[in-house]
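Notes for the one structure printed next.
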Amino acid sequence: MSEPVPGEGSLREEALRVEDLVRTYEGGRVRALGGVSFRVGVGEKVALVGPSGSGKSTLLHLLGALEPASAGAVWIAGVRLGPGVDLDRLRARTLGFVFQRDNLLPALTVAENVEVAMRPLGLPRAERRRRARQVLERIDISALAQARPGRLSGGERQRVAVARALVNKPRILLADEPTGNLDSVTGQRLVDLMLERPELTVIAATHDPEVAARMDRVLTLRDGRLVGP
Amino acid sequence: MDLALRSLLSRPTRTALSVLGVAVGVGCALAFTSLARGFRLSLDDYARQTGADLVVFESRAAGDPSFGRISGEDLAALDEVPGVAAVGATAALPAAVEGRSTPILVLGRLPQERPIQAYRTPGLRGRLLQAPDEAMVGALLAQELGLDLGGRLPVLGHSLQVVGVYRTGVRWESGGAVVHLDVVREAMGLPQGAAMMGFVYVEPGSAASEVAATIGQRLPSLRVIPADALTSDFAQLDYLDAFAWVVSLGGLVVGAIGVLNTMFMNVAERVREIGTLRALGWSRGMVMASLLREGLALGLLGTVLGLLAGVGGALALARSVPQGVLQPAFPPVLLLQAAGLGLLLGLVGALWPAWRASRLAPAEALRHE
């Protein structure tokens, strides 16, 4: 039996929908998600909260088409994830990811780290450079464009990670503890960046009540189930 | 700069060692095969210089004509074959020379036969030999032993008067001597009139292939081959080629294992990075292609280094052998083969790690610590 669907009845156009989502591991012995259902409207900012191990990261991975569901269904921008769907294309064009650790590629410069996200789009190199420069300017970090991630502070690195997630103008941003390694002020500035675009749907897993407070809605997970807003 | 190159440059020591592995493989392959190829070409040049159309030797000596013996009767019978303009007999053996630690190659020729005319080149000083107590020496040997016209060459139990100093395009020939065939026959225990090999000159207007077929029918104890394909019948040269490749194979395996090891380590250290790329929309194919480019870059760098090392090594090895018996040859096709081999090493070495990396589940890769 699935939980009630929080957010159902929203007047906004639907950005994503999850129905009876189940994810088990080790042949079903470990149940990370046990029948989760909810909808998120376009431009809605949603905080995903809950204790460690409650299934937040797993849910984000399923929403991001990074691993398959054991049961249930996910719709992203009206497309039901499953066989026949080009998940790479979906991740490149519709979704943006921000991780707790910046996951920047240490061998590349800041600008190249941003450009790397545009490679699946098949854009010419000059266009990739132009867009990377543009997004780095917008988040006020263009001075570091040629620096390697190793020379950046944690906050700067995470800003680059946000720039990388936003450069393809995704419709949905999935963030897994994006401020987890940052101090409060830096974290809030990062959230500012994530919330800047009104049309961008944001799902952010967080332990930080201040981050959750800035979202439109809060979904609470416990033991792989939604326990209400 | 490409991600593949950047990744390699971020691990310079590992990359350098891997490149070195490929370079050793390519260098060994090139050095050994170029020497084998050079030796083969020099033998072909040697036969071509005589101006003969066909070379005959004893059928039983298949694999190495130098072990063959052609009787005087057979040589005389060759002269009777329709279409044959002339026949020249020859024999050769390595012989010790006073004042030199390694033997020289002594070729026996008859003054009245055509093969000896091969030494009548613009580089000839003096004259062609005319008598059994005379010798012609190659320019390299003359230089090494301080011999000149009128000097004496102590060889095969004789002290032969140097009447000519020749220079040919075959280095080992220029490092040897030409003496009267009778002197060589005596040293080898060959009966009068016999020879080791015969050169056949075909009459103008006759087809060498038809003459060869007639010789084969009339004298089945002889094997006939075109002079410009002399080495095609030397099975021993095939063994030399095979040996060169077997030795090279060791280096190539080392190179491939080096690339394989490097690529596996690169992938193992970058599991999370690969998960990130997949999250950004990189397909399995893109991940695989990126890693294959790393392997190719290793192969390319190793190839450039290997080609230089191979050419340098072969030349150094050739210089270490007296009289230039070993002269490497670097035909473009051999250089291309070596380059292709280096690139293939990089590609093959990267294939398995790249495939495994492309199969990583994105979520699992992102969870990797």
>> Can you compute the modelled spin-label distance between A:A126 and A:R197, with each label point 7 Å from Cα toward Cβ, in nm?
In response: 2.5 nm
> What is chain A's relative contact order, in percent, from Cα pairs under 8 angstrom and six or more apart in sequence?
Replying inline: 30 percent
>> I'd like to know which of A:A107, B:P328, B:G150 lies farthest towards the positive end of the charge dipole of the protein assembly as shown, counting +1 on Cβ of Lys and Arg and -1 on Cβ of Asp and Glu.
In response: A:A107
> Distance in nm between label sites at B:R319 and A:T24, each 7 Å beyond Cα in the beta-carbon direction?
Replying inline: 7.5 nm
>> Compute a Gaussian network model of chain B, connecting alpha carbons closer than 10 Å, and tell me which residue from B:Q192, B:Q49, B:Q236 fluctuates the most.
In response: B:Q192
>> What's the magnitude of the charge dipole for region B:102-199 around its Cα centre, counting Lys and Arg as +1 and Asp and Glu as -1 at the beta-carbon? Answer in Debye, nearest 20.
In response: 280 debye
>> Sequence gap at least 6, Cα distance under 8 Å: using those rules, report the relative contact order of region A:60-190 to the nearest whole percent.
In response: 34 percent
> Mean residue ellipticity at 222 nm from the helices of the protein assembly as shown, using -39,500 (n - 2.57) per DSSP H segment of n ≥ 4 over the full residue count, to the nearest 500 deg cm²/dmol?
Replying inline: -14000 deg cm²/dmol
> When the C-alpha atoms of region B:1-156 are aligned to their principal axes, what extent does each axis show, in angstrom, from largest down?
Replying inline: 73, 43, 30
> Pick from A:R217, A:R29, A:R128: which is most flexible by mean-square fluctuation in a GNM of chain A where alpha carbon atoms under 10 Å apart are linked?
Replying inline: A:R29
> Across region A:122-129, in residue order, what do the Karplus-derived ³J(HN,Hα) couplings come to in whole Hz, using 6.51 cos²θ - 1.76 cosθ + 1.60 with θ = phi - 60° and x for Gly and Pro?
Replying inline: x, 6, x, 4, 4, 5, 4, 5
>> Apply the a/c threshold of 1.5 to the C-alpha gyration tensor of region A:68-194 and tell me whether it is rounded, prolate or oblate.
In response: oblate
>> So, R0 is 25 Å and r is the distance between the beta-carbons of B:F67 and B:S101; what FRET efficiency does that work out to, to 0.05?
In response: 0.45
> Mind listing which GluC sites (Glu not before Pro) in region B:67-156 are in a DSSP loop and have 14 or fewer other Cβ atoms within 10 Å?
Replying inline: B:E98
> Can you list the residues of region A:157-184 with backbone N under 16 Å from a point 7 Å past the Cα of A:E13, pointing along Cα to Cβ?
Replying inline: A:170-173
>> In whole Hz and in residue order, list the ³J(HN,Hα) couplings for region A:164-174 that follow from phi through the Karplus curve 6.51 cos²θ - 1.76 cosθ + 1.60, θ = phi - 60°; x for Gly and Pro.
In response: 4, 6, 9, 4, 8, 6, x, 8, 10, 10, 10
>> Using alpha carbons only, how many angstrom separate the centre of region A:209-229 from the centre of region A:24-69?
In response: 12 Å
> What is chain B's relative contact order, in percent, from Cα pairs under 8 angstrom and six or more apart in sequence?
Replying inline: 31 percent
>> In whole Å, what are the extents of the protein assembly as shown along the principal axes defined by its C-alpha atoms, from largest to smallest?
In response: 116, 49, 43
>> What is the ratio of the Cα radius of gyration of chain A to 2.2 N^0.38 Å, with N the residue count, to two decimals?
In response: 1.00
> Whose amide H sits under 5 Å from the amide H of B:R69, counting only residues 5 or more places off or on another chain, with H placed in the peptide plane?
Replying inline: B:E58
> Taking amide H positions as placed 1.01 Å from N in the peptide plane, with prolines and chain starts having none, which residues 5 or more places from A:G35, or on another chain, fall under 5 Å of its amide H?
Replying inline: A:L21, A:V22, A:R23
> At B:E210 and B:S159, where each label point lies 7 Å from the Cα along Cα→Cβ, what is the point-to-point distance in nanometres?
Replying inline: 5.5 nm
> Taking each residue of A:98-108 in turn, how many C-beta atoms of other protein chains fall within 10 Å of its C-beta, and what is the average?
Replying inline: 5
>> Give me a comma-separated list of calculated 3J(HN,Hα) values for region A:183-200, in order, Karplus coefficients 6.51, -1.76, 1.60 applied at θ = phi - 60°, integers in Hz, x for any Gly or Pro.
In response: 6, 4, 5, 4, x, 5, 5, 5, 5, 3, 4, 5, 9, 4, 8, x, 7, 7
> Viscosity 0.692 mPa s, temperature 37 °C: Stokes-Einstein D of region B:99-155 from its Kirkwood Cα radius, in µm² per second?
Replying inline: 264 µm²/s
>> Check which residues have an amide H placed less than 5 Å from A:F97's amide H, if you skip close sequence neighbours.
In response: A:L174
> Where a ≥ b ≥ c are the square roots of the eigenvalues of the C-alpha gyration tensor, would you call region B:174-270 rounded, which needs a/c under 1.5, or, failing that, prolate if a/b is larger than b/c, or oblate?
Replying inline: prolate
> Mean Kyte-Doolittle of at least 1.0 and a Cα length of 20 Å or more along the axis: which whole DSSP H helices of chain B meet both?
Replying inline: B:235-269, B:284-320, B:332-358
> What residue among B:L107, B:L124, B:L298 has the largest mean-square fluctuation in a Gaussian network model of chain B, using Cα springs under 10 Å?
Replying inline: B:L124
> Which chymotrypsin sites (Phe, Trp or Tyr not before Pro) from region B:191-242 combine a DSSP loop assignment with at most 11 other Cβ atoms within 10 Å?
Replying inline: none
> How would you classify chain B from its alpha-carbon gyration tensor, with a ≥ b ≥ c the square roots of the eigenvalues: rounded for a/c under 1.5, else prolate if a/b is greater than b/c, otherwise oblate?
Replying inline: prolate
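Readers should treat all values here as calculations from the given coordinates under stated rules, not as data from a laboratory. Here the structure is a predicted model, which is why all the values come from computation and not from measurement. Because the Cβ atoms are built from the backbone with ideal geometry, glycine has one as well, and the counts that use them run over all protein chains shown.
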